[in-house]
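The values are calculated or read from the model by the stated rules, or taken from the named source; none is laboratory data. Because the structure is predicted, anything quoted here is derived from the model rather than measured. Keep in mind that these areas ignore ligands, DNA and RNA; they rest on the heavy atoms of the full protein, side chains included. Shrake-Rupley method; radii C 1.70, N 1.55, O 1.52, S 1.80 Å.
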Amino acid sequence: MLFRSVTAREAAIEGSLTRQVAVNGVLMPMAGLLGDLADLHGNDRQRRAKLHGQVERVVLPGLVDLVDATDARACFYELEGDKPTRQLVAAGSWGRTDMTTRPFTEGTPEGDEAIAALDARETRLWSSEDSGAEPPGWSTSKSYNAYIAVPVATANRVHGMLTVDAPAANAFDFEVDAPTVELLGRFLAAALSA
């Protein structure tokens, strides 16, 4: 029994170290990019746009690494337009190759649900294993059975939505993964607001 406890402890330590390395691999570059954005003076739009693009290229792969789910895909949807015709348009993805191109459009069941979550600054979690009801506007052709969607927003501005999804219904530990996705959503919002 003692041998088993040591093995379990070592496995827990190794898992913790692996996750810490992944967190550092995302947060350290993000912190550097936030510093670069903060250091911009004047109205250097071209450099600011380039840095915003770099932030997305750090966040999306990092998110896939952090959740450590088989065949996970991270997406950033940018909010465009004005009420009542706003849309969340896919601006980037990382992971599985089946990139979604269909926007979430206000006035449709799935668009209204996604945009209501953004307006309320709420995280949405769903798994076909845990939830009885399918999300509004759900299509059986979806390539995933679990997702986490978080607002990319500050107190004064909504930039969009950060999502991570996976084919397996039990791909995520929502208690661990949801706060991680929320943290990256907040970092992304800070960077996009700079």
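In a fully extended conformation the segment linking Glu175 and Glu134 would gain 12.7 nm over its present Cα-Cα distance, using 0.36 nm per residue.
Of the whole protein surface, Ser127 contributes about 0 Å² of accessible area at a 1.4 Å probe radius.
In this structure the stretch 52-194 gives 47 Å² per residue of accessible area when probed at 1.4 Å with all protein chains present.
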